[in-house]
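Enquirer: Okay, handing you the structure first.
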Amino acid sequence: QVQLVESGGGLVQAGGSLRLSCAASGSIFRIYTMGWYRQAPGKQRDLVAAITNTGSTNYADSVKGRFTMSRDNAKNMVYLQMNSLKPEDTAVYYCKVYVQSGAMSYVKEYWGQGTQVTVSS
């Protein structure tokens, strides 16, 4: 099993910054793509950003130029630096990772519990 713990959410004024972290632990042989998603009340969960195990990133158009995703493979961690935050960024942010628990294991998808980000105007 793999556990994901997100941290770094909170309340910030528009224009401010937050840095989200997601730590993966447990039975980990290799972590592949890691992603950040968000879900606002009454809306579907959408991809914010993703990063492959080789460091390639892609971002939702709404956050390009404002958010930066990175990962530390040695620590099994992924980060989301969020700058120039807007009220419309308010949501619960979730970390998702694809993990192979052993050399002969299938790759499985795991979700974190989410962290609330609230941006006031």
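The values are calculated or read from the model by the stated rules, or taken from the named source; none is laboratory data. As the structure is a computational prediction, the values presented were derived from the model and not from experiment. So basically every Cβ, Gly included, is an ideal-geometry build from the backbone, and we count neighbours across all protein chains shown. Quick note on the areas: whole protein, heavy atoms, side chains included, nothing else; ligands and nucleic acids left out. Shrake-Rupley method; radii C 1.70, N 1.55, O 1.52, S 1.80 Å.
Enquirer: List pairs: first residue in region 99-115 and of a type in the set (Asp, Glu), second residue open to solvent by less than 50 Å² (accessible area, probe 1.4 Å) anywhere in the structure, Cβ distance under 9 angstrom, at least six positions apart or on different chains.
Expert: Listed pairs, sorted by first residue: 109/96; 109/97; 109/99.
Enquirer: Restricting region 8-44 to residues that are over 12 Å from the mean Cα position of the chain (by Cα) and of a type in the set (D, E, K, R), which is most open to solvent (accessible area, probe 1.4 Å)?
Expert: 43
Enquirer: If you check residue 70 against the conditions, is it free of Cβ contacts under 8 Å to residues at least 40 places away in the same chain, among the small types (Gly, Ala, Ser), within 25 Å of residue 2 (Cα to Cα) and open to solvent by 40 Å² or more (accessible area, probe 1.4 Å)?
Expert: Working: free of Cβ contacts under 8 Å to residues at least 40 places away in the same chain: yes; among the small types (Gly, Ala, Ser): yes; within 25 Å of residue 2 (Cα to Cα): yes; open to solvent by 40 Å² or more (accessible area, probe 1.4 Å): yes.
Answer is yes for this residue.
Enquirer: Still on this structure: What is the residue count in region 8-54 for residues that are aromatic (Phe, Trp, Tyr), touching a Lys or Arg at 6+ places or on another chain (Cβ under 6 Å) and within 16 Å of residue 108 (Cα to Cα)? Even if it seems obvious, please write down each step before you answer.
Expert: Pass one, region 8-54, residues aromatic (Phe, Trp, Tyr): 29, 32, 36-37.
In the following step, the residues that additionally are touching a Lys or Arg at 6+ places or on another chain (Cβ under 6 Å) were identified as 37.
In the following step, the residues that additionally are within 16 Å of residue 108 (Cα to Cα) were identified as none.
Of the residues in that region, 0 qualify.
Enquirer: Under the condition of being modelled with pLDDT under 95 and of a type in the set (S, T, N, Q), which residue from region 45-61 is farthest from the chain's Cα centre (by Cα)? Spell out the reasoning first.
Expert: So the first thing to find is which residues in region 45-61 are modelled with pLDDT under 95, and the list is 53-55.
So of that shortlist, the ones also of a type in the set (S, T, N, Q) come out as 53-54.
Working: 53: 14, 54: 16 Å.
Step by step, filter region 45-61, then rank; the result is 54.
Enquirer: Quick one: in region 38-73, which of the residues that are of a type in the set (S, T, N, Q) and touching an Asp or Glu at 6+ places or on another chain (Cβ under 9 Å) is nearest to residue 92 (Cα to Cα)?
Expert: This residue is 39.
Enquirer: Still on this structure, I have one more. All but one of (1) over 15 Å from residue 111 (Cα atoms); (2) touching a residue at least 60 places away in the same chain (Cβ under 8 Å); (3) open to solvent by 50 Å² or more (accessible area, probe 1.4 Å); (4) not small (Gly, Ala, Ser) hold for residue 5; which doesn't?
Expert: Of the numbered conditions (1) over 15 Å from residue 111 (Cα atoms); (2) touching a residue at least 60 places away in the same chain (Cβ under 8 Å); (3) open to solvent by 50 Å² or more (accessible area, probe 1.4 Å); (4) not small (Gly, Ala, Ser), the odd one out for residue 5 is (1).
Enquirer: Something else now. Can you tell me which residue within region 62-83, out of those that are hydroxyl-bearing (Ser, Thr, Tyr) and under 10 Å from the mean Cα position of the chain (by Cα), is nearest to residue 33 (Cα to Cα)?
Expert: Filtering region 62-83 for residues hydroxyl-bearing (Ser, Thr, Tyr) gives 62, 68, 70, 79.
Going one step further and asking which of them are under 10 Å from the mean Cα position of the chain (by Cα), we end up with 70, 79.
Working: 70: 11, 79: 13 Å.
Out of the qualifying residues, it is 70.
Enquirer: I want to confirm something. Restricting to region 84-108 and keeping residues that are among the small types (Gly, Ala, Ser) and out of contact with any Phe, Trp or Tyr (no Cβ under 7 Å at 6 or more places or on another chain), which single residue is farthest from residue 33 (Cα to Cα)?
Expert: Keep residues of region 84-108 that are among the small types (Gly, Ala, Ser), which gives 84, 91, 101-103, 105.
Going one step further and asking which of them are out of contact with any Phe, Trp or Tyr (no Cβ under 7 Å at 6 or more places or on another chain), we end up with 84, 91.
Working: 84: 26, 91: 22 Å.
The residue in question is 84.
Enquirer: Next up: Could you look through region 94-109, keep only residues that are open to solvent by 30 Å² or more (accessible area, probe 1.4 Å) and in a strand (DSSP E or B), and pick out the one that is nearest to residue 57 (Cα to Cα)? Lay out the reasoning, then the answer.
Expert: Taking region 94-109 and keeping what is open to solvent by 30 Å² or more (accessible area, probe 1.4 Å), we get 94, 98, 101, 103-109.
Still in the running and in a strand (DSSP E or B): 94, 98, 107-109.
Values: 94: 17, 98: 15, 107: 20, 108: 20, 109: 18 Å.
Of everything passing the filter in region 94-109, 98 is nearest to residue 57 (Cα to Cα).
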